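The values are calculated or read from the model by the stated rules, or taken from the named source; none is laboratory data. Computed from a predicted model, the values in this text were never measured in an experiment. In this analysis, Cβ positions are derived from the backbone assuming ideal geometry, glycine residues included, and neighbour counts consider all displayed protein chains. Just so you know, the surface numbers come from the protein's heavy atoms only, side chains and all, with ligands and any DNA or RNA stripped out. Shrake-Rupley method; radii C 1.70, N 1.55, O 1.52, S 1.80 Å.
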Amino acid sequence: MVQKAPRKSAAKTTHQASAQVIKDLHERMVRIRLFETEAGKLMEAGKLPGFLHLYVGQEAVAAGVMAALRDDDQITSTHRGHGHAVAKGVGFREMYAELYGRVTGACLGRGGSMHINDLTRGMLGANGIVGAGVPIAVGAAFAARYKGEDSVAVTFFGDGATNIGAFHEGANMAAILGLPVVFICENNGYAEFTPQSAHMLITDVADRAAAYGMPSVIVDGMDAVAVHRAATEAVERARAGAGPMMIEAKTYRFYDHQGVKGLRHPYRSDEEVAEWKSRDPIDLLETRAVADGTATRAELDDVWRRTRDEIAEAIAYAEASPLPDPADLLLNVYSG
Amino acid sequence: MTTTKTPTVATRKLTYVKAFNEGLAQAMREDENVFVAGEDVAGYGGVFRMFDNLLDEFGPRRMIDTPISEAALVGLGVGAAARGLRPVVDLMFMDFIGVCLDQIVNQAAKMKYMFGGALSVPLTITTASGAGLGAAAQHSQSLEAWLAHVPGLKVVMPSDAYTAKGLTVSAIRDDNPVVVMLNKVLLGSTSEVPEEIYGIPLGQAHTARQGSDVTVIALGRMVGEALAAADELAAEGVEIEVIDPRTVQPLDTETMFASVRRTNRVLVVHEAVTFGGLGAEIAAQIQDAVFDYLDAPVLRIGAPFSPVPFSPVLEKAYVPDRARIAQGCRRLLERS
């Protein structure tokens, strides 16, 4: 089944966001896009070990949600986690260094692409296990309430993850305990290579929230402003003590499930990919921003240029960084 | 002239389950960050009465009844521990770890490592293991070998009331994820237990009885059986040394090696299935380190390669006992 791009008009929502928010969303998306495309090039050049699950195409979701969060809010992420980390403020240097397996990386070279985390940014980890971050976010939200803090926890997961027990258990646990958790389903239509129609009989993952007494909303995941608006409502609601909520963002990944080379087994049609690419979330935002006078083309180009410079510097830093010392093989297995 | 001494050790006896309960309550008083979550732990006090009266003292903020959702329960503990709390989560029967093994093995155990040491996961998982109550194959297993195989986890097996309290307190104070395997048959057994809070160091074996002829390394409930076998053998003029590892991960092999150097004969006994059990690990380490001191191959006694049976006559035949331990020691001594 062809994944249809949502037809929801976002022009109206653009007018409801301030110029400052638009620029914030734009910058977060550009940072993700460039981080990812450069990482893809490094992978293609054979410079990076391991796997690379690129986020390109889904930037509006990470940007829209993270712009609604504070630094002390916590997130748990997926195996496709670079976008979340970048948008939450994790530095390019430690992220590239981790992709290279260097000791200066976010995990000291022990985690790699699928496990980037940063406690100082409330980034509780990308996760190699589908759905596993959901209950962990619930625990982080529990801790916030236990300590009397008003931070919230956000858990990102894909459509495929909602078929795993941890998602359902975590959703029910958050609901029954009334915890400040926001559930963000990034529905890109595919569980790895299997289309949604082959792994669930429902069209909207948001329907699943109802089973736990949790409100939900569906948003156009290519529209950063729409995502941001929904996330802001859900986060404020959670922060005020009204319990969890789910947002389903209909989105798309432009690259393959893994890597950059693409389709050994064509599981998506060229037409489908092209249709979604015609709604590139960054193009959409830029076109509207220029049209309504929120930003000039020169201002937007400057963001790309500055970010490119920053990324080039971070890659150089990563390549110049030392590799881990095999003598430290047992580092951090245990505390103390 | 008479001297008065303040007794440092109380002479009162306490049951295993009450000793656990007392240690937990004292640890909760000691540290505001300790809370308990699990199925039936608060309102009901736990199916084994492990959590009796704790709701009265600590209230629903710190004693949380959860849905029957072990993955979300352990995940709650992981997330809360990552945010600075010291959760105690109860899995009721050890057999249930199968439904939450991802959160234990891939999340709790690896988080510190993956975060480059930036955090610790001071999570305690309590559970009841072992056969002997006619609870059959899904409520009677001893799965310590599964857990001890995972870097990042610690596993303790209290063999009496004294160690139930001290190991529980140490588990809660420890900055690593620790699984406390309480033994169901021992719950009502008594031993002398000091009233004050005390921890038993993790990773230190205890020589429960000194002897010169055979070293018996016994896990959990098998310590009592080994001590009973020692009494039987003493009547025959055979002195066996009984070592209780108390912690099976990390395992105190030095105490075992020192004993082997004195006795030259070793029997390892556990309730778990012999194949792939910790007896194999202990035997291998002993042969690697002190082979030259051995007068006979290391002997293992454990359960046969079968699920735990229901019928009492079968269950009795299944679990190792004092008679089999004594017989094993005689066999070892027959070899010159």
Among (1) touching a Gly at 6+ places or on another chain (Cβ under 7 Å); (2) part of a helix (DSSP H, G or I); (3) within 9 Å of another protein chain (Cβ to nearest Cβ), A:M114 falls short only on (3)
B:E70: passes all of (1) in contact with a Cys (Cβ under 6 Å, 6 or more places away or on another chain); (2) open to solvent by 30 Å² or more (accessible area, probe 1.4 Å); (3) among the acidic types (D, E) but (2)
Reported set for region B:49-63 where residues are open to solvent by 10 Å² or more (accessible area, probe 1.4 Å) and not acidic (D, E) is B:R49, B:N53, B:L55, B:F58, B:G59, B:P60, B:R61, B:R62
Pairs returned, first residue in region B:21-34 that is farther than 19 Å from B:V179 by Cα, second residue that is of a type in the set (A, V, I, L, M, F, W, C), beta-carbon separation under 7 angstrom, 6 or more apart or interchain, are B:E30/B:I197
If I filter region B:65-79 for residues that are within 12 Å of chain A (Cβ to nearest Cβ), touching a Phe, Trp or Tyr at 6+ places or on another chain (Cβ under 7 Å) and in contact (Cβ under 8 Å) with a residue 24 or more places away in the chain, do I get at least one hit? yes
Within region B:117-134, residues being under 21 Å from B:V269 (Cβ atoms), of a type in the set (A, V, I, L, M, F, W, C) and open to solvent by 30 Å² or more (accessible area, probe 1.4 Å) number 1
Counting only residues that are of a type in the set (A, V, I, L, M) and over 16 Å from the mean Cα position of the chain (by Cα), region B:263-272 contains a total of 2
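Residue by residue, here is whether (1) in a helix (DSSP H, G or I); (2) open to solvent by less than 10 Å² (accessible area, probe 1.4 Å); (3) touching a Gly at 6+ places or on another chain (Cβ under 9 Å) holds:
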{"site": "B:L14", "(1), (2), (3)": "no, no, no"}
{"site": "B:V47", "(1), (2), (3)": "no, no, no"}
{"site": "B:G77", "(1), (2), (3)": "yes, yes, yes"}
{"site": "B:V88", "(1), (2), (3)": "no, yes, yes"}
Exactly one of A:G243, A:G293, A:G262, A:G221 is modelled with pLDDT under 95 and out of contact with any His (no Cβ under 9 Å at 6 or more places or on another chain), and that one is A:G262
Flagged in region A:54-77 as among the charged types (D, E, K, R) and open to solvent by less than 10 Å² (accessible area, probe 1.4 Å), in numbering order, are A:E59, A:D73
Those residues of region B:170-200 that are more than 18 Å from B:R221 (Cα to Cα) and under 13 Å from the mean Cα position of the chain (by Cα) come to a total of 3
A:T104 meets each of (1) in contact with a Ser or Thr (Cβ under 6 Å, 6 or more places away or on another chain); (2) of a type in the set (S, T, N, Q); (3) open to solvent by less than 10 Å² (accessible area, probe 1.4 Å) with one exception, condition (3)
Next on the checklist: Among the residues of region B:287-301, are any closer than 25 Å to B:M181 by Cβ and surrounded by fewer than 17 Cβ atoms within 10 Å (Cβ to Cβ)?
Outcome noted: no
Of A:E233, A:E169, the only residue that is in a helix (DSSP H, G or I) and free of Cβ contacts under 8 Å to residues at least 24 places away in the same chain is A:E233
Scanning region A:131-160 residue by residue, the ones that are at the interface with chain B (Cβ under 7 Å from one of its Cβ atoms) and outside any helix (DSSP H, G or I) total 1
Over region B:146-177, the set of residues more than 11 Å from chain A (Cβ to nearest Cβ) and aliphatic (A, V, I, L, M) is B:L147, B:A148, B:V155, B:V156, B:M157, B:A161, B:A164, B:L167, B:V169, B:A171, B:I172
Of A:G46, A:G91, A:G83, the only residue that is under 13 Å from the mean Cα position of the chain (by Cα) and at pLDDT 95 or above is A:G83
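For every residue, the table says whether it meets (1) under 27 Å from B:K165 (Cα atoms); (2) modelled with pLDDT under 95; (3) among the small types (G, A, S); (4) in a helix (DSSP H, G or I).
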{"position": "B:V223", "(1), (2), (3), (4)": "yes, no, no, yes"}
{"position": "B:L227", "(1), (2), (3), (4)": "yes, no, no, yes"}
{"position": "B:E236", "(1), (2), (3), (4)": "no, no, no, no"}
{"position": "B:V242", "(1), (2), (3), (4)": "yes, no, no, no"}
{"position": "B:E271", "(1), (2), (3), (4)": "yes, no, no, no"}
{"position": "B:F275", "(1), (2), (3), (4)": "no, no, no, no"}
{"position": "B:F291", "(1), (2), (3), (4)": "no, no, no, yes"}
{"position": "B:S306", "(1), (2), (3), (4)": "no, no, yes, no"}
{"position": "B:R330", "(1), (2), (3), (4)": "no, no, no, yes"}
The residue that is farthest from B:E315 (Cα to Cα), considering only those in region B:94-114 that are more than 19 Å from the chain's Cα centre (by Cα) and without any contact (Cβ under 8 Å) to a residue 24 or more places away in the chain, is B:M114
The condition of being facing chain A (nearest Cβ under 8 Å), out of contact with any Asp or Glu (no Cβ under 8 Å at 6 or more places or on another chain) and not hydroxyl-bearing (S, T, Y) holds, among B:R49, B:R61, B:R29, only for B:R61
Counting only residues in region B:116-145 that are within 26 Å of A:Y334 (Cβ to Cβ), in contact (Cβ under 8 Å) with a residue 12 or more places away in the chain and hydrophobic (A, V, I, L, M, F, W, C), the one farthest from the other protein chains (Cβ to nearest Cβ) is identified as B:A128
How many residues of region B:90-115 are more than 8 Å from chain A (Cβ to nearest Cβ), open to solvent by 10 Å² or more (accessible area, probe 1.4 Å) and β-branched (V, I, T)? The answer is 1
Expected single match for more than 30 Å from A:T194 (Cβ to Cβ), open to solvent by 70 Å² or more (accessible area, probe 1.4 Å), within 14 Å of chain B (Cβ to nearest Cβ) and over 23 Å from the mean Cα position of the chain (by Cα) among A:L330, A:L323 is A:L330
Restricting region A:117-130 to residues that are crowded, with 22+ Cβ neighbours inside 10 Å and in contact with a Gly (Cβ under 6 Å, 6 or more places away or on another chain), the one farthest from the other protein chains (Cβ to nearest Cβ) turns out to be A:A126
Condition set in a loop (DSSP other than H, G, I, E, B) and touching a residue at least 60 places away in the same chain (Cβ under 8 Å), scope region A:172-216, selection nearest to the chain's Cα centre (by Cα): answer is A:N188
Only one of (1) open to solvent by 10 Å² or more (accessible area, probe 1.4 Å); (2) more than 14 Å from every other protein chain (Cβ to nearest Cβ) does not apply to A:G40, and that is (1)
A:G213 vs. criteria open to solvent by 20 Å² or more (accessible area, probe 1.4 Å), on the phi > 0 side of the Ramachandran plot and within 14 Å of chain B (Cβ to nearest Cβ): yes
Over region B:49-65, the set of residues in a helix (DSSP H, G or I) and at negative phi is B:L54, B:L55, B:D56, B:E57, B:F58, B:P60, B:R61, B:R62
